[in-house]
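Please treat every number below as a calculation from the coordinates, not as lab data. It should be emphasised that the depicted structure is a prediction, and the values quoted were computed from it without experimental measurement. For neighbour counting, all protein chains shown are included, and Cβ atoms are generated from backbone atoms with ideal geometry for every residue, glycine included.
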Amino acid sequence: MEFNFNRKKLAYMIFVDRNDVSIPDILSNPKKNGPKETLKAISHYSKRNISKAYNFTVYRSPEVKDSLIKLFKGKCAYCESTFLHVYSGDVEHFRPKGEIEEAVPNTKPGYYWLAADWANLLLSCRNCNQKLTHSIHGEVDKITMGKMNQFPLSNESRRIRIHDHPTNIDSEEDYRLLLNPCIDNPEEHLEYDDTSGVIKPKKNIHGVYSIKGVTSIKVYVLQRVPLVLSREKLLIDIQAQIQRVKEAVINYNDNLKNIDSAKMFYLEKILKRELERLKKFISPQEQYVGMARQVIGDFLFLNFGIAI
């Protein structure tokens with residue numbers, strides 16, 4: 001029996017392929033404001049004018065915001081929450097444009113030449129991006145955290161601070177400690193508790209926690225209590241649907257020798273329906289697809305040999 005599940009590897013939903021959406025013209029067209037602003041910012045900071053911040057505006061254009069909403073399907077690039085019904089969202093610079101919190105000796109400027117670079121722009125909810133006070137799962141004291149100007153490296157001496165570096169930012173990438181949802185495969189760094197919605201850094205084959213997983217969970221505040229509770233609520237719904245699938249399988253298998261073809265057709269139809277309902281949890285537009293893929297993937301592979 002075939003159950004209409006895609007058997008090839010699907011994108012882990014917190015991973016987003018930028019090729020799915022065209023670069024906004026305002027950022028790519030040399031005659032438009034994006035490239036012009038980049039040249040002005042380079043000129044500004046080439047004069048060593050560090051104390052006076054350049055006023056970046058292009059990234060806030062509706063064209064850029066709309067493209068990011070389409071690319072990330074209205075979800076936060078970091079926590080996978082939908083939020084547009086209550087908040088318009090932040091256009092987030094993965095590499096901070098004006099200041100780098102961890103940089104020494106000078107935190108300013110940031111990656112000024114990437115302020116209007118499509119590859120550096122993400123859609124984020126305010127709880128992941130802005131410095132806010134949060135209750136953290138498993139912790140007594142509240143903390144003030146959010147990405148903002150954070151961009152930690154494992155070796156600060158390898159940080160790129162100028163626009164005309166021979167490798168641009170390529171030579172810095174090996175030292176990056178934050179997960180980039182458009183470059184990294186989060187399945188290699190993050191996993192979820194299948195009973196509580198808690199997110200955890202993943203261990204490698206040597207039992208060592210992923211440093212990108214550890215750092216990203218902290219910086220993006222992925223263990224904030226409301227977020228954990230929201231994932232847990234979805235997990236309960238997923239587990240309930242898995243139970244419905246199990247019951248449909250039992251009913252089908254118990255009647256395999258039944259000569260009533262109409263009844264078998266009916267039971268098969270029920271099983272397929274319940275599997276399709278389970279499949280909806282990993283639809284790209286849904287919340288927390290990373291967690292759903294892990295839980296549903298384990299169930300489907302163990303019971304049906306279906307790899308998602």
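Of note:
- If R0 is 45 Å, the Cβ-Cβ spacing of V208 and R126 corresponds to a FRET efficiency of close to 0.85.
- Choice from N127, N255, N185 with maximal GNM fluctuation in the chain (Cα, 10 Å cutoff): N255
- Against the empirical 2.2 N^0.38 Å (N residues), segment 12-169 has a Cα radius of gyration ratio of 1.10.
- Intensity falloff of the chain expressed as log10 I(q)/I(0), Debye formula with alpha-carbon point scatterers, at q = 0.09 Å⁻¹: -0.54
- Charge tally in the Cβ shell below 11 Å around E247, where Lys, Arg are +1 and Asp, Glu are -1, E247 excluded: 0
- Relative contact order %, the chain, counting alpha carbon pairs below 8 Å whose residues are six or more apart: 19 percent
- For P96, neighbours were defined as the other residues whose beta-carbon sits under 11 Å from its Cβ, and their charges (Lys and Arg +1, Asp and Glu -1) total 0.
- Taking 7 Å steps out from each Cα toward its Cβ at N19 and R244 produces label points 3.6 nm apart.
- Of the chymotrypsin sites (Phe, Trp or Tyr not before Pro) in segment 79-147, the ones in a loop by DSSP (not H, G, I, E or B) with at most 14 other beta carbons within 10 Å are Y87.
- Among residues other than I136 with Cβ under 12 Å from its Cβ, the summed charge is +1 (Lys and Arg +1, Asp and Glu -1).
- Cβ-derived FRET efficiency at R0 35 Å, D193 paired with N255, nearest 0.05: 0.45
- Taking the fewest neighbouring Cβ atoms within 10 Å as the starting point, the ordered list for C79, C128, C182 is C182, C79, C128.
- Treating r as the C-beta distance of D141 and K269 and R0 as 51 Å, the FRET efficiency rounds to 0.45.
- Note on K47: aspartates and glutamates with a C-alpha under 19 Å away, same-chain residues under 8 apart excluded, are E37, E99, D164.
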